[in-house]
Amino acid sequence: TPNFFSTQNSVQAAADVREAAMKNPGFGSVFSSNMASARYTAADGWHDGKIVPYAPLTIPPSALVFHYAQEIFEGLKVYSREDGGISLFRPDANARRFVKSAERLAMAPLPEEVFLESVEKLALIDKDWIPKERGSSLYLRPVMFASQSVLGVKPSTEYSYYVLACPVGNYFKDGDSGISLWVSENYSRAGIGGTGEAKCGGNYAASLAAQAEAQRQGCDQVVFLDSREKTWVEELGGMNIFFVFKDGSIQTPPLGGTILPGVTRDSVLKLAAKLGIEAREELYSIEQWEADAKSGKLVEAFACGTAAVITSIRHVKRANSEFTIGSGKAGDTTLKLKNALLDIQSGKAEDPFGWVKRL
Ligand code: COI
């Protein structure tokens, strides 16, 4: 349905207003002129698709989302290309994951083609909001929530869907010099059979007390261990993790239902194969990580996600010990993967994977 979203009510910001808003956008506090919106009811299915001016919503306090947190979201980026065009990176992967997340939260899945049309149309209408500097982009945030007004604990019969757009730079303010992690022992992010692999707001809500603890410890991000054995490294508060060894190989924890299946994580695995870097999905314990970092067997580590792209990890702090990784600076393999990824995303390098969707 290429005409699901009407555009007749979209608006354009004056150039000076837009340019002022786009100066040093940081991450996620500046929004473009428009947003996509659609509604679902059990009687009519998905309908009322439109691109409209970005504006506050009116929602009854009784809406199910406020009580039982039936909410999912996505994150993907629009890039301004070196040839002057614009593109999305693997939007089909986000569309698919959005369906899976909806199924896990017992929500009405948004058809993938409707998701794709929403992000493509918003990207095109707000293309003047795409920053041009390398590493900057227009971050799209699709979000869906239960809007039925009722307090019974059951799946909503009504949903609202929106896509917001934010011009963004680095997720971490000082990300280029690497981030530090705090290993959470008091908190878990997800348990077996839980919602860990769904991209739902609840997972992020559950991470916040641990993230606050990390910040009190002077660290940038929390890293979670598995909830049962408190042994295996799983992921950070808002991104996946990779380890780089002295023999040149890389490793990331396997997806076992408790880890968010990141699009960047998957891209790094495929990119590594293409670059001749051996890549494994294997469990890695916090004890082994500390031992390997101290012995020099492990030389780099990095966080990856749509927002974080690839960000080097320089230091790890635990309750009773801490360790620095490699030289404490971004390593060669991290930078090689980061640049290869950015080159494909920005159109500087050819895309052998069919990931880039030009608009
Ligand atoms: C993303 O990487 O896009 C996310 O959704 C995670 C969040 C830290 C912004």
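Read-outs throughout are calculated quantities, based only on the coordinates presented, and are distinct from any laboratory measurement. If you're wondering where the values come from, they're calculated on a predicted model, not measured in any experiment. Please note: Cβ atoms are built from the backbone with ideal geometry, for glycine as well, and neighbour counts cover all protein chains shown.
Rounded to the nearest 20, the size of the Cβ-charge dipole of the chain about its Cα centre is 240 debye, with Lys and Arg at +1 and Asp and Glu at -1. Full extension of the chain segment joining Thr157 with Ala349 gains 64.6 nm, where the gain is 0.36 nm per residue of separation less the Cα-Cα distance. Enter the angle in degrees (range 0 to 90, nearest 10) between the Cα long axis of helix 332-346 and the first principal axis of the Cα atoms of the chain, meaning the one along which they spread out most. Here the helix axis deviates by roughly 20 degrees.
Rg then Dmax, both in Å and based on the Cα atoms of segment 88-181: 16.5, 49.
Helix 201-216 axis versus longest C-alpha principal axis of the chain: approximately 40°, rounded to the nearest ten. Among the trypsin sites (Lys or Arg not before Pro) within segment 267-303, those in coil by DSSP and having at most 15 neighbouring Cβ atoms inside 10 Å are Lys297. For the chain, the normalised intensity computed at q = 0.08 Å⁻¹ comes to -0.40 (log10 of I(q)/I(0), Debye sum over alpha carbons, equal scatterers, no solvent).
Multiply the residue separation of Tyr187 and Leu208 by 0.36 nm, subtract the distance between their alpha-carbon atoms, and state the gained length in nm to one decimal.
So the chain would gain 6.6 nm between Tyr187 and Leu208.
Computed from the C-beta positions of Leu57 and Leu359, the FRET efficiency with R₀ = 30 Å rounds to 0.65.
Would you list Phe98, Phe323, Phe4 from fewest to most Cβ contacts within 10 Å?
Fewest to most other Cβ atoms nearby, the residues stand as Phe323, Phe4, Phe98.
Classification of segment 8-92 by its C-alpha gyration tensor yields a prolate form. The axis ratio a/c (a ≥ b ≥ c) is 1.5 or more, and a/b outweighs b/c.
Annotation: aspartates and glutamates with alpha-carbon distance below 15 angstrom to Lys246 (same-chain offsets under eight excluded): Glu278, Glu290, Asp292, Glu300, Asp332. Averaging 1/r across all pairs of distinct Cα atoms in segment 260-359 and inverting the result yields a Kirkwood radius of 14.9 Å.
Placing +1 on each Lys and Arg Cβ and -1 on each Asp and Glu Cβ, with no other charges, gives segment 49-178 a dipole about its Cα centre of roughly 200 debye. Rounded to the nearest 10 degrees, the inclination of helix 91-104 to the longest alpha-carbon principal axis of the chain is 90 degrees. Taking other C-beta atoms within 10 Å as the exposure proxy, Asp292, Asp226 rank Asp292, Asp226 from fewest upward. For a test of the definition: using alpha carbon positions, the gyration tensor, and the 1.5 limit on a/c, classify segment 214-328 as rounded, prolate or oblate. Cα axes put segment 214-328 in the rounded bin.
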